[in-house]
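The values are calculated or read from the model by the stated rules, or taken from the named source; none is laboratory data. This one's a predicted model, so the numbers in the text were calculated from it and none came from an experiment. Counting neighbours? That spans all protein chains shown, and the Cβs are built from the backbone with ideal geometry, glycine included. For the accessible areas, the whole protein counts, side chains as well, though only heavy atoms, and no ligand, DNA or RNA atoms are used. Shrake-Rupley method; radii C 1.70, N 1.55, O 1.52, S 1.80 Å.
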Number of protein chains: 2
Amino acid sequence: MTGRRTSPSLASAEDPIVFVVDDDSSVRESLSSLFRSVGLRVEAFGSAHEFLQCKLPNVPSCLILDIRLPRLSGLDFQAELAKADIQIPVIFMTGHGDIPMTVRAMKAGAVDFLTKPFRDQDMLDAVTAAIERDRNSRDEAKVLSNLHELFATLTPRERQVMALVTTGLMNKQIAAEIGLAEITVKIHRGHIMRKMGAKSLPDLVRMAELLEIGPPSGQPQT
Amino acid sequence: MTGRRTSPSLASAEDPIVFVVDDDSSVRESLSSLFRSVGLRVEAFGSAHEFLQCKLPNVPSCLILDIRLPRLSGLDFQAELAKADIQIPVIFMTGHGDIPMTVRAMKAGAVDFLTKPFRDQDMLDAVTAAIERDRNSRDEAKVLSNLHELFATLTPRERQVMALVTTGLMNKQIAAEIGLAEITVKIHRGHIMRKMGAKSLPDLVRMAELLEIGPPSGQPQT
DNA sequence: GACCGGATCATACGGAGGTTTAGTCAGCCT
DNA sequence: AGGCTGACTAAACCTCCGTATGATCCGGTC
């Protein structure tokens, strides 16, 4: 579907990566060879700690986690990732997991939960789905971060005016609201459109929606 | 938080309902009395079929389902509900469930999965969360359905113009696009604003976003 | 002090948005 | 045939948007 690599044998920042965290080295090795056999890059770690040391590249990826890890349990590790604001789809695997554990993991956002022994194909299916999901969320995040970058170039006044403009107020109402002359609001408005790269007001409104911009407090007067 | 009943002893369309489907009548009865003890309305059924006969009221509710049901399994039933476009949060319970079953149920959108025997409090917590979730999704659905009602009052031409307006095109561009005079577009536009109850263009844009309105085919020319 | 960017405002002009009034035309229902 | 609605258009008119030109004021930097 998506256009892939142009230089076939040159693995780089473009290709997805599978991260494996398991304290059993034989598991790490067999998973690594499984993924490599279908052309996926793999990074394996013996502990959660080691994984966290690693700088995560900005490519579609997923994390295979044994739920029973020596120091930090898989579930706690998942919570740590969420707390540290690390967004990566997690696939759990377990030998002796129970249902409450499964439910907790799934509620916390795990994409799958495989019981050992599992079929290679099941793992590959899970990884494929997880990477696809990550690809999408990274694409969205990319768009959002570009928007935030543009928004950051606005001055405080411009940000304030943008919120009011996208609320639907007229220039003259905005002027009254914040005690300015209408012409000044128009100037700010022009700057906003240029800096944000909006080609029309609807454009700007959609950007504001994505940025979750609203008037700081209270609703606009009827 | 939310303002509840004004007439305390008069259970009616305002109160949440818990639906219980289990083939074991003693389970039905004990769950019923549990929920009633905390003031929740309950409707219990011995089979999926019976539940489907029942007309579902438009109030916050949830469904407690045993995963092992005689004719139709809980999982299949869940799939049936989705296929029939019945939106209700499902809480599974099971005596002898396994992990793959749990994963499948959670992936299909179950809000919780309790193993028998469970503590009353766990069930109540799950039900409370499920009902709260349903309340929110019903509120959103209500807003959306009101919007669709308004949108339905638009003539085909008006719908077409609305799509182009919210895309960000100017009246004259819209006119050229669909072969009309600019003045005609303005007229349609006025009708649209009135019929949709939009107080401003940003308002209309947000409605279009919710209605997922886009140009029928292709992107707007640069 | 000189310089610069943010913020402010005035005047003026052209273009876009929006309403009212008024009229034509085609299709549909009774 | 008569009545109705949707769709379309024109002319006139007003408001609002947007930009350009030119200018003042302030706070911080070199």
Residue list for segment B:165-195, restricted to those being away from DNA strand C (no atom under 12 Å from the Cβ) and within 15 Å of residue A:168 (Cα to Cα): none
Residue in segment A:124-146 that is more than 16 Å from DNA strand D (Cβ to nearest atom), among the acidic types (Asp, Glu), more than 30 Å from residue A:18 (Cβ to Cβ) and open to solvent by 60 Å² or more (accessible area, probe 1.4 Å) present: no
Top-ranked residue in segment A:172-189 [being within 14 Å of chain B (Cβ to nearest Cβ) and open to solvent by 30 Å² or more (accessible area, probe 1.4 Å); ranked as farthest from DNA strand D (Cβ to nearest atom)]: A:173
Single residue of segment B:190-206 satisfying the filter (within 11 Å of DNA strand D (Cβ to nearest atom) and away from chain A (no Cβ under 13 Å)) that is least open to solvent (accessible area, probe 1.4 Å): B:192
Sole exception among (1) assigned by TED's automatic domain parsing to the domain that holds residue A:87; (2) of a type outside the set (Val, Ile, Thr); (3) within 11 Å of DNA strand C (Cβ to nearest atom) for residue A:202, by number: (1)
Only one of A:81, A:56 that is outside any loop (DSSP other than H, G, I, E, B), under 24 Å from residue A:139 (Cα atoms) and either without any contact (Cβ under 8 Å) to a residue 60 or more places away in the chain or not β-branched (Val, Ile, Thr) (or both): A:81
Sole residue being surrounded by 14 or more Cβ atoms within 10 Å (Cβ to Cβ), in the same structural domain as residue B:59 (by TED's automatic domain parsing) and assigned to a strand (DSSP E or B), chosen from B:106, B:93, B:101: B:93
Residue count, segment B:147-170 (criterion: surrounded by 14 or more Cβ atoms within 10 Å (Cβ to Cβ) and within 14 Å of chain A (Cβ to nearest Cβ)): 9
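Condition check ((1) in a helix (DSSP H, G or I); (2) over 25 Å from the mean Cα position of the chain (by Cα); (3) acidic (Asp, Glu)) across all residues:
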residue: A:129; (1), (2), (3): yes, no, no
residue: A:135; (1), (2), (3): yes, no, no
residue: A:149; (1), (2), (3): yes, no, yes
residue: A:162; (1), (2), (3): yes, yes, no
residue: A:176; (1), (2), (3): yes, yes, no
residue: A:186; (1), (2), (3): yes, yes, no
residue: A:190; (1), (2), (3): yes, yes, no
residue: A:213; (1), (2), (3): no, no, no
Matching residues in segment A:35-49 - criterion: being under 22 Å from the mean Cα position of the chain (by Cα) and in a helix (DSSP H, G or I): A:48, A:49
Residue A:118 vs. criteria open to solvent by less than 20 Å² (accessible area, probe 1.4 Å) and either more than 14 Å from chain B (Cβ to nearest Cβ) or at negative phi (or both): no
Subset of segment A:121-136 [away from chain B (no Cβ under 11 Å) and either out of contact with any helix residue (DSSP H, G or I) (no Cβ under 8 Å at 6 or more places or on another chain) or at pLDDT below 95 (or both)]: A:121, A:125, A:128, A:130, A:131, A:132, A:133, A:134, A:135, A:136
